[in-house]
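The next block holds one structure in the form of structure tokens; read it before the comments.
The values are calculated or read from the model by the stated rules, or taken from the named source; none is laboratory data. This one's a predicted model, so the numbers in the text were calculated from it and none came from an experiment. For neighbour counting, all protein chains shown are included, and Cβ atoms are generated from backbone atoms with ideal geometry for every residue, glycine included. What goes into the accessible areas is simple: the full protein's heavy atoms, side chains included, and nothing from ligands, DNA or RNA. Shrake-Rupley method; radii C 1.70, N 1.55, O 1.52, S 1.80 Å.
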Amino acid sequence: MENQIRHVAIIMDGNGRWAKKQNKPRTAGHYQGSENVRNIAIAANEMGIEVLTLYAFSTENWKREKNEVDYLMKLPSVFFSRFLKELMEKNIRICMIGEMDRFPKATADILTEAIEQTKDNTGMILNFAMNYGGRREILLAAKHYAEDVKNGKINNDLDEEKFEHYLMTSEFPSLDLMIRTSGEIRISNFLLWQVAYAELVFVDEAWPDFTPEIFKKTIEEFKRRDRRFGGVK
Ligand code: V0D
């Protein structure tokens, strides 16, 4: 089908703002946000989306207050103890992009275990960007490529298609749609290479208020758009 949507990415912004509005600590916003990850993942799976990539933790997020970073490091564990069974039942596979080696061992172990436990699931891929940055991804790909040339593994005849093999998203279909919640109109270093031909949707709702109903409407809107890839039909 022509307008089938395969890969959706979301910048889950506005959790802190959501909390502030309710006089709650920022961590309460993050907790509510992780709850919504479950709701949106289930909805995406039902809509037949193949890959849902979520910006959970950027390379910049380490600069936040220690108590907030500490809380975030515990969220994957909280998330899986609540939802892993359900993800298994729905045949959802967990993947990660980013440099997980910077995470505390306890967090990294949980992530590795979730990837391992769901690796044979054949349904939707729920892909978390963790300690991820778009420029960093491109830089690492360039270094890796240079290394392969130096070692005589490949010729120095790089093109866009070959370069994509070095990106962290190489096993996924190309990005169709990027959504950002909470009203900011920026990409913020997320999937810089991959966003080249994607549709962009910016919604005003904070991430905890971005319901499956709004998500479904957003996807319907995408399907109505005529994607031209710079050519003419
Ligand atoms: C906080 C909104 C789920 C964004 C969503 C460590 C900010 C809630 C996870 C998660 C976060 C990550 C990997 C995984 C399972 C769950 C998560 C972080 C932040 C950063 F395998 N929500 N969530 N991770 N937030």
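Entry comment: accessible area of region 117-233 is 57 Å² per residue, from protein heavy atoms only and a probe of 1.4 Å. Counting Lys and Arg as +1 and Asp and Glu as -1, what is the net charge of the other residues whose Cβ lies under 15 Å from the Cβ of I179? My count for the surroundings of I179 gives -3. Within straight-line reach of K153, meaning a Cα separation under 28 Å, sit the following lysines at least 8 residues removed in sequence or on another chain: K143, K162.
With +1 assigned to the C-beta of every Lys and Arg and -1 to the C-beta of every Asp and Glu, and no other charges, what is the dipole magnitude of the chain about the Cα centre in debye, to the nearest 20? If you can, show how the numbers build up before the last one.
Details: 34 positive and 36 negative charges, 133 e Å.
Here the chain has a charge dipole of around 640 debye.
Would you calculate a helix-derived [θ] at 222 nm for the chain, using -39,500 (n - 2.57) for each DSSP H run of n ≥ 4 and dividing by the full residue count, to the nearest 500? Write out the running numbers ahead of the final one.
Values: 7 runs with 100 residues, N = 233.
For the chain, the value works out to -14000 deg cm²/dmol.
Of the residues L52, W18, S174, the one whose Cα sits farthest toward the positive end of the charge dipole of the chain, with +1 on the Cβ of Lys and Arg and -1 on the Cβ of Asp and Glu, is W18.
Computed from phi, the 3J(HN,Hα) profile of region 153-162 under the Karplus parametrisation 6.51, -1.76, 1.60 (θ = phi - 60°) reads 6, 9, 7, 8, 9, 5, 9, 4, 5, 5 Hz, with x in place of Gly and Pro.
Looking only at GluC sites (Glu not before Pro) in DSSP loops with at most 16 other Cβ atoms within 10 Å, what is the longest site-free stretch of the chain? Value returned for the longest uninterrupted segment is 100-170.
When the chain is treated as a GNM with alpha-carbon contacts under 10 Å, the residue of L191, L126, L140 showing the greatest mean-square fluctuation is L140. Each residue of region 82-90 was assigned a 3J(HN,Hα) from its phi angle through the Karplus curve 6.51 cos²θ - 1.76 cosθ + 1.60 (θ = phi - 60°); the sequence is 8, 10, 4, 4, 5, 5, 4, 4, 8 Hz, with glycine and proline shown as x. Binning all Cα-Cα separations of region 7-224 at 10 Å, short to long from zero, yields these whole-percent fractions: 8, 33, 37, 18, 5, 0.
Round to a whole number: what % of the accessible area of region 7-224 belongs to carbon and sulfur, probe 1.4 Å? Before the final figure, lay out each step's value.
Numbers: 5590 of 11250 Å².
Solvent-exposed carbon and sulfur of region 7-224 make up 50 percent of the total.
For M96, the residues whose amide H sits under 5 Å from its own are F128, ignoring neighbours fewer than 5 places away on the same chain, with H placed 1.01 Å from N. Remark: region 36-48, residue by residue, has Karplus-estimated 3J(HN,Hα) of 6, 4, 4, 4, 6, 5, 4, 5, 4, 4, 5, 7, x Hz, where x stands for each Gly or Pro and the curve is 6.51 cos²θ - 1.76 cosθ + 1.60 at θ = phi - 60°. Normalised by the number of residues in region 7-224, the mean separation of alpha-carbon contacts (under 8 Å, six or more apart) gives a relative contact order of 30 percent.
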